[in-house]
Amino acid sequence: RETVWRNVIGFAKITEPPEWIFRLGVACPEEARILGQGVGARRECIFTTGNFIEPITAWQEPAHLAFDVSEQPSPMFELTPYRNIHPPHLDLAFRSVRGEFELAELPDGGTRLTGRTWYTLDIRPEAYWTIWSDWLVHRIHMRVLTHIKQLAEQRGLDR
């Protein structure tokens, strides 16, 4: 679990090519770093559109990390032929509020890593856009969790 934990609080640049949806301009996770340690530390999750600033609210090494989201970049780059356009629907339509990682030791010595994100959505029709938002958040989680798994397995200590 310790190896997985180290890669949860901060991980090196993801070298895996992004999925098609991220190549269309949707914010894509690239790396993460931690500034400090324990509750009050600050995690920065770097995306293609900018940085998420995540003040740590729970730090139970190596089992649980939780954070608020105090700043977030645009959820996507708008695909347009015009330069420097910033459509209003990108402001606060999708707002990440908080997140957490749970690490559970498995009977075989491996580690189960679970990531969760809480967000608000202010775009209509909400029922329609929630389907897409949930799907996108899941794709983001899978990109990060797969990368953490690969890093941990490279070290040969955790699965």
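The values are calculated or read from the model by the stated rules, or taken from the named source; none is laboratory data. Owing to the predicted nature of the structure, the values given are computational and were not obtained by experimental measurement. Heads up, the Cβs are rebuilt from the backbone with ideal geometry, glycines too, and the neighbour counts pull from every protein chain shown. Each accessible area value is taken on the protein alone, full model and side chains, heavy atoms only, with ligands, DNA and RNA left out. Shrake-Rupley method; radii C 1.70, N 1.55, O 1.52, S 1.80 Å.
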Item to complete: Taking log10 I(q)/I(0) by the Debye sum over Cα atoms at q = 0.09, 0.10, 0.13, 0.16 Å⁻¹ as the quantity of interest, determine which of (i) -0.31, -0.38, -0.63, -0.93; (ii) -0.27, -0.34, -0.59, -0.94; (iii) -0.40, -0.49, -0.78, -1.04 was computed from the displayed structure.
Response: (i)
Fill in: Within the chain, helix-based [θ] at 222 nm, where runs of 4 or more DSSP H residues each add -39,500 (n - 2.57), nearest 500
-8500 deg cm²/dmol
Item to complete: Send over the Kirkwood Rh of segment 89-159, from the inverse of the averaged 1/r over different Cα pairs, rounded to one decimal Å.
Response: 14.1
Practice prompt. For segment 92-100, just list the computed ³J(HN,Hα) in residue order, Karplus coefficients 6.51, -1.76 and 1.60, θ = phi - 60°, integers in Hz, with x standing in for Gly and Pro.
Written response: 6, 4, 10, 10, 6, 9, 7, x, 7
Discussion item. Could you tell me the relative contact order of the chain? Use alpha-carbon pairs under 8 Å, at least six residues apart, and round to a whole percent.
Written reply: 20
Practice prompt. Enter the accessible area of Asp134 (Å², nearest 10), with the probe set to 1.4 Å and all protein chains included.
Written response: 80
Practice prompt. Once you've got the GNM for the chain with C-alpha springs shorter than 10 Å, pick whichever of Ile148, Ile131, Ile123 has the biggest mean-square fluctuation.
Written response: Ile131
Worksheet entry | With Cα atoms, 0 to 90° folded angle of helix 126-155 axis to the chain main axis | 30
Fill in: Residues whose placed amide H lies under 5 Å from that of Ala32, excluding near-sequence neighbours
Phe11, Ile46
Discussion item. Considering only protein heavy atoms and a probe of 1.4 Å, how much of the accessible area of segment 1-115 is carbon and sulfur, as a whole percent?
Written reply: 53
Worksheet entry | Probe 1.4 Å - accessible area at Val39, Å² to nearest ten | 100
Worksheet item: Taking a spot 7 Å from the Cα of Asp91 along the direction of its beta carbon, which residues of segment 56-76 have an amide N less than 19 Å from it?
Response: 70-76
Response to the item:
segment 1-129 accessible area per residue, 1.4 Å probe, protein heavy atoms, integer Å², reads 57
Discussion item. Show me, for segment 51-57, the HN-Hα J-couplings you get by feeding each phi into the Karplus relation (A = 6.51, B = -1.76, C = 1.60, θ = phi - 60°), rounded to Hz, glycine and proline as x.
Written reply: 10, 8, 9, 10, x, 6, 10
Practice prompt. Heavy atoms only, probe 1.4 angstrom, no DNA, RNA or ligands counted: give me Trp20, Trp118, Trp5 ranked by accessible area, highest first.
Written response: Trp20, Trp118, Trp5
